[in-house]
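Working notes, beginning with the structure itself.
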Amino acid sequence: MEKTTRTLDEVTIRFAGDSGDGMQLTGTQFTNTTAVLGNDLSTLPDFPAEIRAPAGTTYGVSGFQIHFGSTDILTPGDNCDVLVAMNPAALMTNLKTLRSSGTIIINVDAFTDKNLRMAGYTSNPLEDGHLNNYQVHKVNISKLTSNALADMNLSTRFIEKCKNFFALGLMYWLYNRPLEQSIKFIQEKFGKKDPQVAEANLRVLKAGFNYGETVEIFNTRYEVKPAKLPPGRYRNIMGNVASALGLVAASRKSGLQLFLGSYPITPASDILHELSQLKEFGVKTFQAEDEIGAICAAIGASYAGGLGVTSTSGPGLALKGEAINLAIMLELPLVVIDVQRGGPSTGLPTKTEQADLLQAVFGRNSESPLCVVSASTPADCFNTVYEACRIAVKFMTPVICLTDGYLANGAEPWQIPNANELPDIPVSFPTDPATFKPYSRNPETLARPWAIPGTVGLEHRIGGLEKEDVTGNISYDPDNHDLMVRTRAAKIERIAEDIPLQTVDGESEGDLLVIGWGSTFGSIKSAVNNTRARGMAVSFLHLRYLNPFPKNLGEILYKFKNILVPEINNGQLIRLLRAKYLVPAVGFNKIRGLPLVTEEIEEKIHAILGGNNG
Amino acid sequence: MLFSEATMADAAHTENTTPLKLTVKDFQSDQDVRWCPGCGDYSILAQVQRVFPEFTHKKENYVAVSGIGCSSRFPYYMDIYGVHSIHGRAPAIASGIKMLNPELNVWVFTGDGDGLSIGGNHLIHMLRRNLDIKVILFNNEIYGLTKGQYSPTSVIGQITKSTPMGSIDHPFVPVLLALGAEASFVARTMDRDPKHLQEMMRRAERHKGSAFVEIYQNCNVFNDGAFFQYTEKDTRDDSVVYLEHGKPLIFGKQKEKGIRLNGFTPEIVNIKETGYSISDLVAHDETDSTLAVILANMIHNPSLPRPMGVFLGIGRPTYEESVQAQIAKAKSKKGEGGLQKLLDGDEVWIIQ
């Protein structure tokens, strides 16, 4: 039968299977190939906290969603167009993410009575009409995988592990993607170490591709043309990798040794993993005994003249609070990357949330202001972390950089910056004993001098006790304490003089301004675009700088009748805005461990504007 | 006989460095010392300031790090770089300092509460990693700065502000804890034995790796006399045995008593009156970690004297050396890292 090719602007595919089925690898492979083809894309890995939950159970299902297209792709997609379900549990938990009349590709071999029971099905959804509203393709993925490897004398267990590559190959065929990237990956990963494993995976990948070509169940292939991205050099990048690269870049540009003190915690650990592989950059990574040891070592490294950094997630940030206050008192540069996750307590370790904002801004004893910045997309983690380093060094202050689980594991194409064109990060260490005072200040930034051990004649003592202005000696003087509290606050406020003014996407005044921060950028921007396309006048502002705010933020807010603040928390930025600017902002808050749904934000915008606009 | 690490390190030390003419005054800061009059900390400060000029490090390379507590005020009184940090965290902060700049000569000053209670975790991990950091732990078996609560080294039954009916906590033996954490150098000394204290400071300084020195320190306000049995004239000779590498364990007013090992159990024998001679006594070996544990456990038999001196001193690669070695290896294998290449990653595509 003749196969036809249809061109699509965008597609969202969701791979779902057991956490041992290799769905994250499958998704990542599809992503890399798609990135190299020049599509714009956004991904959402969605996996359980359990490493290997019992096979076939719903709580062991691991998912990976990729939204790609020839248009500007801002989110991983509210719903998917295609669901690849490797077993009944994957179908059970993911069917709700599939749009109506969407496509399901099913590994029919896994739909055994036992697996159906484990997934909670009382009858077989493939037979009972349960899937009548969808286009269902039943494929014997396990059996075909096994056939492809029949003559290799491999264990059933091993063969079972290759079936994700069959699904990948089939999806490559269906969406007209070349196999080269994945072939290269398999050869590099297994080729030398275990040629048989490489051979098996290659065969299965090709078998999946050829299956699509040969059998008659798929009559249409799809094509998604490259996106019209701005000219430049691109790569695909995940948020945690971008954060790690931002740190190395800041280290290189400042000439400061990079020191990361960290304690493993989901979803931040990849920053530690990435940096531990970059020793040729002189990067020192230290897996400490606990979160507190990690930050304290970073503070020690900064004291000694390095770029001290610690990476963590919400529970770790809570543990680090006292040490952050030490860094505030010592007035040393320190970068704290908080990859937020669902909370409180252990919460939802593998799910995303942006509910650490108030902890970042206020979560310490006494008056303890510091700088807080946030990243808006996976690639933006690079810029934000770099900026955090620049501010920390210039203002001699801890900076908390907020990313989150979605940004950390999500991926998108990144226009690679030219290393030579990155902003400078000037550093100066005092050397003159005649003029050195530990708590004297730069009149512009209010930063104190960074005198590092090893400098002749500058021996001095600093500590957590209140400092006397200028000398840094211990002081219990009431007026001095008042002065120092105000000075530390004023120093942080000075950062507002050093950062760009806030820009507005859309008209600078009107009926509605939508304000976001962090990883909700894509969902909000899409909602704004969609409502504008329907004729509504909506302006949008996305904050990178959360403390201090850009100095023109108030002026902007006062020009709008309505302010909407969508957040994946129970209303945190909105509290800061209301408190500081006394504006009657309203929130849109969903705390489901997932990115905000674009369509729901659109509904909220409609509700606010009603029939009065557009 | 075994050569102790101390003797060998000593030789290397003198060869490789040029002595600088520093004096006690160079290490005295301009701050008033604010410990209670009569506190054992004064002696420790004096001995440290006395021995530091003997060492050959550049003054600007010394860093003192402390946590919270009476002992942790120590850095303010030394005219060297100092960080008076937060409760219990000094070993972690010191680790970061030493890793970033291995040239620095880093000393941690801590107490039984700071180092063994709130900061116990950081201390044991620093010791096992073997960073070249000296940890001087002032043990007064009480919380002084918070005014008299029991500490993790307070003895069972001790009446304190928070234990009106006596402490029911089994105390830590600091040297046993350090040995358990596999510290490469473990010693004990006393505030009221200045010469021995100085010697232990010298030994700690010579040791390459984590050096843990417990100092019995009298808190004359909240726990006066806790160690008088070991420090005062009329009792100390019969209550203390000094450990010296290669030498038998002998003590007593007339040097008439010795320690013999009966299996793994130390016992006192009189070498003047009974049939035992010096050759029956256990000879100290600083390189024997099993012996170190036996000697440290003597504390559990009140009839035995309290050992003072170096329990263990062994060589093992320092953490910061291993960090540097891996960086050097990565650089020789991959070349000095290039930033643009790193940003580019493995797969670049170009949009015209």
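If you go through the stretch A:286-299 and pick out every residue that is among the β-branched types (Val, Ile, Thr) and either surrounded by fewer than 24 Cβ atoms within 10 Å (Cβ to Cβ) or at the interface with chain B (Cβ under 7 Å from one of its Cβ atoms) (or both), you end up with 2. With respect to the stated conditions, A:GLY246 is closer than 23 Å to A:CYS296 by Cα, small (Gly, Ala, Ser) and within 27 Å of the chain's Cα centre (by Cα). Given the conditions (1) closer than 21 Å to A:LEU144 by Cβ; (2) in contact with a helix residue (DSSP H, G or I) (Cβ under 8 Å, 6 or more places away or on another chain), and given that A:VAL61 satisfies all but one, which numbered condition is not satisfied? Just one mismatch for A:VAL61, condition (1). Evaluating A:ARG461 against the criteria (1) buried (at least 16 other Cβ atoms within 10 Å of the Cβ); (2) under 32 Å from the mean Cα position of the chain (by Cα) leaves one unmet condition, (2). Here A:LYS163, A:LYS184, A:LYS193 are screened, and the one residue that is surrounded by fewer than 19 Cβ atoms within 10 Å (Cβ to Cβ) and either in contact (Cβ under 8 Å) with a residue 12 or more places away in the chain or part of a helix (DSSP H, G or I) (or both) is A:LYS184.
Residues considered: B:SER43, B:SER85. Of these, the only one that is within 8 Å of chain A (Cβ to nearest Cβ), at pLDDT 95 or above and under 16 Å from B:ILE136 (Cα atoms) is B:SER85.
Under the condition of being under 16 Å from A:PRO333 (Cα atoms), of a type outside the set (Lys, Arg), in a loop (DSSP other than H, G, I, E, B) and more than 14 Å from chain B (Cβ to nearest Cβ), the residues counted in the stretch A:444-496 number 3. The single residue among B:PRO266, B:PRO317, B:PRO307, B:PRO302 that is free of Cβ contacts under 8 Å to residues at least 12 places away in the same chain and closer than 30 Å to B:PRO174 by Cβ turns out to be B:PRO302. Would you be able to say whether some residue in the stretch A:416-423 is away from chain B (no Cβ under 14 Å), buried (at least 19 other Cβ atoms within 10 Å of the Cβ) and not β-branched (Val, Ile, Thr)? Scanning the stretch A:416-423 turns up no residue that is away from chain B (no Cβ under 14 Å), buried (at least 19 other Cβ atoms within 10 Å of the Cβ) and not β-branched (Val, Ile, Thr).
Of the strands (runs of 3 or more DSSP E) lying entirely inside the stretch B:233-352, those carrying at least 1 residues that are surrounded by 13 or more Cβ atoms within 10 Å (Cβ to Cβ), out of contact with any helix residue (DSSP H, G or I) (no Cβ under 7 Å at 6 or more places or on another chain) and away from chain A (no Cβ under 14 Å) are B:240-243, B:257-262, B:265-270, B:306-313.
Got a number for residues in the stretch B:183-214 being among the acidic types (Asp, Glu) and either part of a helix (DSSP H, G or I) or within 9 Å of the chain's Cα centre (by Cα) (or both)? Number of matching residues: 3. State which residue pairs qualify: first residue in contact (Cβ under 8 Å) with a residue 60 or more places away in the chain and inside the stretch B:96-108, second residue among the basic types (Lys, Arg) in any location, beta carbons under 8 Å apart, and separation of 6 or more residues or different chains. Here the result reads B:MET99/A:LYS284, each pair linking the stretch B:96-108 to a residue that is among the basic types (Lys, Arg). Only one entry of A:ASN547, A:ASN552 meets the criterion of being in the same structural domain as A:ARG578 (by TED's automatic domain parsing), at pLDDT 95 or above and within 25 Å of the chain's Cα centre (by Cα), and that entry is A:ASN547. The condition (being of a type in the set (D, E, K, R) and more than 8 Å from every other protein chain (Cβ to nearest Cβ)) is satisfied by just one residue among A:GLU280, A:GLU213: A:GLU213. Does the stretch A:17-32 include one or more residues that are farther than 17 Å from A:LYS225 by Cβ and among the acidic types (Asp, Glu)? There is at least one residue in the stretch A:17-32 that is farther than 17 Å from A:LYS225 by Cβ and among the acidic types (Asp, Glu).
Among the criteria (1) touching a Lys or Arg at 6+ places or on another chain (Cβ under 9 Å); (2) closer than 30 Å to A:ARG488 by Cα, the one A:LEU582 does not fulfil is (1). Residues that are away from every other protein chain (no Cβ under 14 Å), more than 30 Å from A:GLY239 (Cβ to Cβ) and outside any loop (DSSP other than H, G, I, E, B) occur at least once in the stretch A:425-439.
If you check A:ALA242, A:ALA207, A:ALA294, A:ALA268 for being among the aliphatic types (A, V, I, L, M) and closer than 25 Å to B:LYS98 by Cα, only one passes: A:ALA294. The strands (runs of 3 or more DSSP E) found entirely in the stretch B:26-127 that carry 2 or more residues being among the hydrophobic types (A, V, I, L, M, F, W, C) are B:62-66, B:105-111. The residue list A:SER276, A:SER269, A:SER302, A:SER313 contains one member that is of a type in the set (Ser, Thr, Tyr), under 23 Å from the mean Cα position of the chain (by Cα) and surrounded by 24 or more Cβ atoms within 10 Å (Cβ to Cβ), which is A:SER313. The single condition from (1) in contact with a Ser or Thr (Cβ under 6 Å, 6 or more places away or on another chain); (2) within 14 Å of another protein chain (Cβ to nearest Cβ); (3) buried (at least 24 other Cβ atoms within 10 Å of the Cβ) that A:PHE259 fails is (1).
Does the stretch A:510-517 contain at least one residue that is touching a residue at least 60 places away in the same chain (Cβ under 8 Å) and among the aromatic types (Phe, Trp, Tyr)? The answer is yes; a qualifying residue exists. Restricting attention to the stretch A:571-614, the residues that are hydroxyl-bearing (Ser, Thr, Tyr) and closer than 18 Å to A:ALA537 by Cβ add up to 0. Restricting the stretch A:174-186 to residues that are more than 16 Å from A:ILE106 (Cα to Cα) and hydrophobic (A, V, I, L, M, F, W, C), which is nearest to the chain's Cα centre (by Cα)? Among residues in the stretch A:174-186 that are more than 16 Å from A:ILE106 (Cα to Cα) and hydrophobic (A, V, I, L, M, F, W, C), the one nearest to the chain's Cα centre (by Cα) is A:PHE185.
Checking each residue in the stretch B:65-77 for being out of contact with any His (no Cβ under 6 Å at 6 or more places or on another chain), at the interface with another protein chain (Cβ under 8 Å from one of its Cβ atoms) and not β-branched (Val, Ile, Thr) picks out only B:TYR76.
The values are calculated or read from the model by the stated rules, or taken from the named source; none is laboratory data. The model shown is predicted, which means the values in this text are computed figures rather than measured ones. Methodologically, a virtual Cβ is constructed for each residue, glycine included, from the backbone with ideal geometry; neighbour enumeration extends over all protein chains shown.
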